[in-house]
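Input: a single structure, listed below in structure tokens.
We did not get these values from a lab; they are worked out from the coordinates using the rules stated. Just so it is clear, the model here is predicted, and its values are computed rather than measured. Don't worry about glycine lacking a Cβ; one is built from the backbone with ideal geometry, like all the others, and counts go over all protein chains shown.
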């Protein structure tokens with residue numbers, strides 16, 4: 001007689017309960033759609049539930065699951081679910097990123113400044129900004145998206161677009177979005193369809209990068225898999241957002257550094273230095289705050305180089321190229337910030353950016369105190385955001401239980417990685433910790449200068465998702481704790497896959513309940 005798998009039965013029961021909890025959440029929300037549309041959604045989600053149950057059964061039956069193959073199956077599915085359920089324009093700052101991507105696709109890599117109005121401006125074809133309607137109302141339903149299918153872009157006429165939020169961002173991080181816009185333009189004149197094509201191509205590029213990262217990293221493959229499947233990561237991969245590309249390229253850089261440093265069959269020759277230099281340059285240009293990641297190359301052991309001289313030259317090239325390119329773009333970005341009155345609506349005058357920089361430099365201790373009083377009281381908010389509890393623009397989707405489940409799974413994944421307990425030497429751990437601290441300070445400082453009001457006792461605008469790029473480094477340090485977890489890596493991969501399937505079902509219901 002075949003043994004009953006109680007773990008499988010319990011998992012399926014949890015998935016079914018999640019479905020009915022989701023049905024209830026939709027039933028008590030203010031649904032704008034017709035009864036037939038709601039029933040159609042229930043049926044579609046029931047089909048999704050059946051697919052998830054089949055997936056869970058298949059996972060339990062598998063003797064071995066490779067993390068990179070699991071990602072190649074699950075990440076596109078999760079991205080498509082988010083791509084469909086989150087209306088265009090509702091992703092984090094998606095409107096700003098959409099107009100920025102369209103601006104770059106027209107060849108305008110650096111925004112123009114209206115000296116009279118002191119704002120960054122661009123000329124966009126009529127209809128480009130119509131992918132979002134009634135933005136000020138704060139409510140967005142699927143019916144609003146459907147109405148946009150009749151909109152056409154008029155390339156013969158343009159209108160001025162003022163986009164302060166993404167004005168200082170480098171064009172490099174918009175590579176997937178620009179590719180999507182260019183492909184979309186060839187297919188249709190409807191801005192909504194172009195936006196969905198852009199989302200889809202962003203998803204494809206980010207999936208490919210994450211697959212390579214997991215394939216390359218010599219240990220911690222399950223860590224990268226778990227991070228890639230967090231709902232907030234999926235939102236970045238599946239919406240018009242440079243966050244997805246930035247997360248993927250940062251994780252790829254980390255993976256390649258570790259591959260060079262700890263792969264017994266690999267030396268750090270000219271090819272490796274060239275790849276690290278290019279990846280480090282892209283990381284530095286994606287977001288200024290992540291530039292210190294290039295210093296991770298310093299953990300590569302001296303034995304990987306032909307001699308001491310080659311080690312010094314190689315690290316100098318990798319680090320200096322990233323730093324120099326970062327500083328060059330910083331000149332452009334800071335000139336945009338200083339020449340625009342981005343802070344006037346925050347209670348400061350038109351020179352608000354300069355006032356904050358002066359305050360920071362003149363009294364760094366006061367700034368340090370502000371930093372301390374920001375992280376403490378808002379730590380729970382950052383935690384919820386980092387582990388997928390807050391999705392969409394203005395964090396309108398709040399899922400309280402998900403972050404704790406994901407955090408518990410990721411901690412288990414981290415502590416089960418036995419190699420983390422012995423692989424890093426003391427100097428390597430010090431370098432990693434310093435990189436984490438410097439990037440953290442830069443994240444808060446950039447938001448203080450660009451966004452937060454100088455008069456506030458805390459720094460406004462920081463979100464937990466900004467730490468996804470360095471989450472693997474944080475977990476590497478935690479993984480060094482001498483805590484024994486007796487699970488094989490295959491069991492851990494299965495746990496990640498099963499948990500992610502149920503979490504994604506729950507997340508889909510939460511999003512649909514908001515917009516149906």
Relative packing of peptides 267-276, 464-473 - highest average C-beta neighbours within 10 Å first: 464-473, 267-276
Extension gain, residue 60 back to residue 306 (0.36 nm per residue minus Cα-Cα distance, nm): 83.9 nm
Alpha-carbon centroid distance for the pair segment 387-418 / segment 225-257, whole angstrom: 15
At R0 = 51 Å, FRET efficiency that the Cβ-Cβ distance of residue 46 and residue 375 yields, to 0.05: 0.75
Rounded, prolate or oblate (a/c below 1.5 giving rounded, otherwise prolate when a/b exceeds b/c) for segment 7-96 by Cα gyration tensor: oblate
Cβ-derived FRET efficiency at R0 41 Å, residue 491 paired with residue 394, nearest 0.05: 0.60
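State, as an integer percentage, the relative contact order of the chain based on alpha-carbon contacts under 8 Å between residues 6 or more apart.
Normalised by residue count, the contact order of the chain is 20 percent.
Okay, helix-only estimate at 222 nm for the chain: each DSSP H run of n ≥ 4 adds -39500 (n - 2.57), divide by all residues, round to 500 deg cm²/dmol; what do you get? Walk me through the numbers on the way to the answer.
Working: 18 runs with 321 residues, N = 516.
Value at 222 nm, helices only, nearest 500: -21000 deg cm²/dmol.
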Sequence-separation-based contact order of segment 230-325, relative, with Cα cut under 8 Å and 6+ spacing, percent: 28
Rounded, prolate or oblate (a/c below 1.5 giving rounded, otherwise prolate when a/b exceeds b/c) for segment 368-514 by Cα gyration tensor: oblate
Inter-label distance, nm, simple model (7 Å from Cα along the C-beta direction), residue 27/residue 275: 5.4
Rounded if a/c under 1.5, otherwise prolate or oblate - the chain, Cα gyration tensor axes: oblate
